[in-house]
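A.B. asks: Below is the structure I would like to discuss, written out as structure tokens.
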Amino acid sequence: MTRVVVDPGICGFPAIVEVTRLSSRKVKVAITSDCEMLAQMGAHLSELDWRDALKAQDASLVQEYASQHIKHVACPVPTAILKAIEVEVGVALPRDVSIQFDTSSETV
């Protein structure tokens, strides 16, 4: 099982995503959060073919369900789900990702 913890920022609804490989093609996705939108999305993602999740963004089941259930387009949880699936099926290594706001006045 691969487990990721997501601190989504200002919305205040942290999430735990657990992905378990069931077979060569199937994974189980469980989302734990007080966010109703994530709960609805999680119900659709309970079991899926991981290859359908990791398609291009306009064809990914995860992105499709996110667009149907999550009103905040910048919610980081769908990306966390995809990263967890990648690790669970062995196409990526587990490594933390982050987004940090730089409030300094320096330019790059």
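A.B. asks: Treating the beta-carbon of each Lys and Arg as +1 and of each Asp and Glu as -1, no other charges, what is the dipole magnitude of the stretch 2-88 about its Cα centre, to the nearest 20 debye?
C.D. replies: 220 debye
A.B. asks: In percent, what relative contact order does the chain have, based on Cα pairs under 8 Å that are 6 or more apart in sequence?
C.D. replies: Dividing the mean separation by the residue count of the chain yields 24 percent.
A.B. asks: What FRET efficiency comes out for the pair Ala43/Ser23, r = Cβ-Cβ distance, R0 = 22 Å, nearest 0.05?
C.D. replies: In this case the efficiency is close to 0.60.
A.B. asks: For the stretch 2-88, would you read off the P(r) tail past 22 Å as a percentage of all alpha carbon pairs?
C.D. replies: Tail fraction, whole percent: 15.
A.B. asks: Against the longest alpha carbon principal axis of the chain, how many degrees, from 0 to 90 and to the nearest 10, is the axis of helix 36-45 turned?
C.D. replies: It works out to around 30 degrees.
A.B. asks: For helix 77-88, report the angle its Cα long axis makes with the longest principal axis of the Cα atoms of the chain; keep it between 0 and 90° and round to the nearest 10°.
C.D. replies: 50 degrees
Every read-out reported here was derived from the displayed coordinates using simple, explicitly stated rules and does not represent laboratory data. Everything numeric here is computed off the predicted structure, so don't read it as measured data. Cβ coordinates were reconstructed from backbone atoms using ideal geometry, including for glycine residues, and neighbour counts include every protein chain displayed.
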